[in-house]
Every structure is written in structure tokens, then in C-alpha cells.
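Here is the structure we will look at.
The values are calculated or read from the model by the stated rules, or taken from the named source; none is laboratory data. Keep in mind that what you see is a predicted model, and the values were worked out from it rather than measured. Methodologically, a virtual Cβ is constructed for each residue, glycine included, from the backbone with ideal geometry; neighbour enumeration extends over all protein chains shown. The protein model used for the area step is the full one, side chains on, heavy atoms only, and it has no ligands, DNA or RNA in it. Shrake-Rupley method; radii C 1.70, N 1.55, O 1.52, S 1.80 Å.
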Amino acid sequence: MPTDLLGREYETFPAPEPLQQHGPARVIAMCNQKGGVGKTTSSINIAGALSQYGRRVLIVDFDPQGAASVGLGINANLVDNTIYTALFNPRMDVHEVIQHTEFENLDIIPANIDLSAAEVQLVTEVGREQILASVLRPIKDEYDVIIVDCQPSLGLLTVNALTAADGVIIPVAAEFFALRGVALLMQSIEKVQSRINPGLQVYGVLVTMYMKTLHCEEVLQRIYEAFQDKVFHTVISRSIKLPDSTVAAAPITIFAPGHKTSKEYREVARELVARGVIA
């Protein structure tokens, strides 16, 4: 039987069968307070792979930098409504905020720099940790998975994402500094579990930006020691094709379907389905 980079035996996960009906969505927070570890890239490309397997996917861009919006060809500065509008206007129909991308089964709620003001405004809101959950509630039956691309911090926006989520995927770059912040994130997840969202799970730790160096191999071993079977079998390689697909405003699974990194993200998507995380 083949093994992964950690020596664990596993068969390649089968391509999932098409769904006969859609919803309710599993909400996944893509979360790590360290920047530059591949959160947005992984959000876009896992979503792209799942959409090609016939799953209806919604990305919620929950980062004021709006990188996920740009990465799917949406200029959030030119749209009337963003996630910021939906958070602070309870009468708004969330369907007015959803942007359909040019890719089948893949939609996005965009964000722009306005969202940076939300952290301060949320402080005075009633039920401030649960506002994103209330925004997403009316549309959960329309999608199979909702991926919330979090900003790199542990503030109120991230707490909102963890409160709305069924589970968390933690992207961790294969470098020593990326390991240091994960303990803080786990503390935040445990606080949300104990105080607000007891059903919150850690769906997995996704190792990104991997190269065949001693340093990367050592970091990979340390990640496995900390998280054991939570670590995805597939590791995402560092690749120049990923920035190329971002410039092209398309998931790499669509932009370069035969590329090694496309195959890796498709394998992650299949693993999520095989584990029962996503229908």
C-alpha cells in the first residue's frame, strides 16, 4: 500500500459521486492567525476542487484585504454590497451580497477594506460573536459547503467565523515560525468550544508550501507529533503555478488541472468527502 510523506499507509481517495440534492452546508473556517501560510490559496483551491466534483460551494471572504475576492475575479471595490454590509444590516437579504463567479457551483461573498472597521463596530453589537452565523443561516440549505477565509488575527472577526463554523481547517506552512502560532490558535478554538460553539471540531491541519528539504521534513514531523491523525495525508507543495493561477483569477484545479499542485488540492477535497466532513 502507498504511504504519505509521514509514512502513513493510505490508498488514494476515490472521486466522490455526484450529489442528488444539495444542502445543508457544512461551514468550514480556514483559520490561522499567522499570515502567509496559504489560507486564501487553500480556500480558493479546495473550493475549486469541490465545485468540480459537483458540490455547491460558497466562499465567505472574511479578510479586509479581500484576497479571495480578487483571486476569483471579483473587484470588491466596485460591488454595492459586501460581507461588511451584511454584518451590520440585519434586514438585508444575504442573496444580494452573493457574487456568482464564472466557475460552475462556485460563489463568493466578497470583502474589501471596509471590513477592517468591523472589528471596532462589533464590540458594541448585541450577540457580537454570532452575527456571521445569523448572516449565513438563511443560505445554508442552498450550498454543500461554506468556506470562511479568515483574516490573520484572533480578533472578533475570527471568533465570529469560529462561532459560525462546524469545523476548522488550519493551514500551516512547512517552516518553523508557522508552528509557533498554532498553540495560540488552538487555545482560541478551545475557548469558543467551551463558551459559545461546543460542536466546533478541528477537521484537519493542512501542511502547505512544502519542499523536499531537511527543514520542511523536520517541521512536518513536529506538526504530526502535535496533531497526529488530524494532519491531512496530502501535503501542498510550494509552486510557482499558484501565483500564476491567482493572477489568472482562477482556482489552480481549473487553471492548470494537470499540475502537481492541482492534484494535491483535489486529493484534499476527496479526503474531506471520504472522512465525511462534506457530503
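Please go through (1) surrounded by 24 or more Cβ atoms within 10 Å (Cβ to Cβ); (2) without any contact (Cβ under 8 Å) to a residue 24 or more places away in the chain for Ala29 and return the number of the only condition it doesn't satisfy.
In the conditions (1) surrounded by 24 or more Cβ atoms within 10 Å (Cβ to Cβ); (2) without any contact (Cβ under 8 Å) to a residue 24 or more places away in the chain, Ala29 misses (2) alone.
Checking Ser69 against (1) within 22 Å of Val247 (Cα to Cα); (2) part of a helix (DSSP H, G or I); (3) open to solvent by 40 Å² or more (accessible area, probe 1.4 Å), only one condition comes out false. Which one?
Exception for Ser69: condition (3).
I'd like to check which helices (runs of 4 or more DSSP H) are fully inside region 211-279 and have at least 3 residues that are free of Cβ contacts under 8 Å to residues at least 12 places away in the same chain, β-branched (Val, Ile, Thr) and surrounded by fewer than 18 Cβ atoms within 10 Å (Cβ to Cβ).
Values: elements: 214-227, 241-247, 252-255, 260-274.
Result: empty, no element qualifies.
Can you name the residue in region 100-110 that is in contact with an Asp or Glu (Cβ under 7 Å, 6 or more places away or on another chain) and open to solvent by less than 50 Å² (accessible area, probe 1.4 Å) and, of all such residues, is nearest to Gly66 (Cα to Cα)? It would help to see each step written out before you state the result.
Going residue by residue through region 100-110, those that are in contact with an Asp or Glu (Cβ under 7 Å, 6 or more places away or on another chain) are 100-101, 108-110.
Those left that are additionally open to solvent by less than 50 Å² (accessible area, probe 1.4 Å): 101, 108-110.
On the way: Thr101: 15, Ile108: 11, Ile109: 10, Pro110: 7 Å.
Among those that are in contact with an Asp or Glu (Cβ under 7 Å, 6 or more places away or on another chain) and open to solvent by less than 50 Å² (accessible area, probe 1.4 Å), it is Pro110.
Quick grid of which residues meet (1) more than 19 Å from Val148 (Cβ to Cβ); (2) touching a residue at least 40 places away in the same chain (Cβ under 8 Å); (3) of a type in the set (Ser, Thr, Tyr):
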site	(1), (2), (3)
Gly71	no, yes, no
Ile83	no, yes, no
Ile98	no, yes, no
Thr101	no, no, yes
Ile109	no, yes, no
Leu122	no, no, no
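What is the one condition in (1) open to solvent by 30 Å² or more (accessible area, probe 1.4 Å); (2) under 17 Å from Asn160 (Cα atoms); (3) not hydrophobic (A, V, I, L, M, F, W, C) that Arg56 does not satisfy?
(2)
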